Structures are given as structure tokens and as C-alpha cells.
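As C-alpha cells, the structure follows; a few thoughts come after it.
The values are calculated or read from the model by the stated rules, or taken from the named source; none is laboratory data. None of these values were measured; they are calculated from a predicted model. Note that each Cβ is placed from the backbone with ideal geometry, even for glycine, and that neighbours are counted across all protein chains shown. The accessibility values were calculated without ligands, DNA or RNA, using every heavy atom of the protein model including side chains. Shrake-Rupley method; radii C 1.70, N 1.55, O 1.52, S 1.80 Å.
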Amino acid sequence: MNPIRKRKIEAETVRTVAMMILAGKVKDPRVHMVSVHRSEISDDSKNLKVYVTAICTDKKKEKLLAGLNSASGKFAATLSTKLNLRITPRISFVWDEEYIQGLDESLRLTRKPTNPD
């Protein structure tokens, strides 16, 4: 796949998924307060991973991912028509651990050391 086309699809996926959630197009009560960070499409355009996070417990995280994955068909149909895709990718939602680790690292680096005096 053309790398420019690939980046366009990935960027549009993030925008479209976020806007559909904000607009209330996903009626599943498990889906709320989601932050969509990035997406990766496979070279054959058959699989698309969308990386998300939210402020929630581990138990609610699993429910949130289950809710998003159950609505993945709606997201795929919207993306397919919006981007005029020949092959509709299978969308799966994944918890973005790299984003969480990056936040932790940046907080650690910006935190002022405490004086033992």
C-alpha cells in the first residue's frame, strides 16, 4: 500500500472514530469517555487496529473494549464509504499502553525532586 494513502487512512480513522463516539452514534452504554490516539492499518488493508484509552478501572477497561469491538462493524462501514475503500478493513480496538507509559515517563521527568532537608 502506498505510504501516503496508508497515513491518510490511519489519520481519518482516528478522526472518524472519535467524532462518531462524540456525536453519540455508538449507542452502547459501555462506550463513554474514550480517547482515540492512533491507528495502524496492515499492508494488505484487511486489518485495522485503533488504539484507545480512558480513565477507568481494569474491569471497566475490558467492558469498554468489548463495547467498542461490538460496534466495530458500524465504524468499518462508515470508514469504507467515507474513504471510498475497496476492501473494508476489520477494525479491532486495543488499549494503548505506550501512551500510558509515555504519560508516566513525562510526569516522572517533569516532577521536581523533593529536598530531604
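So, K112, is that one at pLDDT 95 or above, open to solvent by 70 Å² or more (accessible area, probe 1.4 Å), of a type outside the set (G, A, S) and not in a helix (DSSP H, G or I) or not?
On the way: at pLDDT 95 or above: no; open to solvent by 70 Å² or more (accessible area, probe 1.4 Å): yes; of a type outside the set (G, A, S): yes; not in a helix (DSSP H, G or I): yes.
Answer is no for this residue.
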What are the pairs, 6+ residues apart or on separate chains, where a residue within the range 52-72 that is within 14 Å of V36 (Cα to Cα) has its Cβ under 8 Å from a residue that is open to solvent by 80 Å² or more (accessible area, probe 1.4 Å) and of a type in the set (A, V, I, L, M, F, W, C)?
A54/M33; I55/M33
Looking only at the range 1-46, count how many residues are in contact with a Leu (Cβ under 9 Å, 6 or more places away or on another chain), more than 19 Å from A66 (Cβ to Cβ) and β-branched (V, I, T).
4
Counted residues, the range 82-104 - those being open to solvent by less than 80 Å² (accessible area, probe 1.4 Å) and farther than 27 Å from K6 by Cα
0
Quickly run through the range 29-61 and pick out the residues that are at pLDDT below 95, open to solvent by 90 Å² or more (accessible area, probe 1.4 Å), within 14 Å of D96 (Cα to Cα) and not in a loop (DSSP other than H, G, I, E, B).
D58
Sole exception among (1) within 11 Å of the chain's Cα centre (by Cα); (2) buried (at least 16 other Cβ atoms within 10 Å of the Cβ) for L64, by number
(1)
Within the range 96-106, is even one residue in a helix (DSSP H, G or I), touching a strand residue (DSSP E or B) at 6+ places or on another chain (Cβ under 7 Å), closer than 17 Å to H37 by Cα and not polar (S, T, N, Q)?
yes
Given T88, T78, T53, which one is under 10 Å from the mean Cα position of the chain (by Cα) and β-branched (V, I, T)?
T53
When the range 88-99 is examined, which residues are found to be modelled with pLDDT under 90 and more than 17 Å from V14 (Cβ to Cβ)?
E97
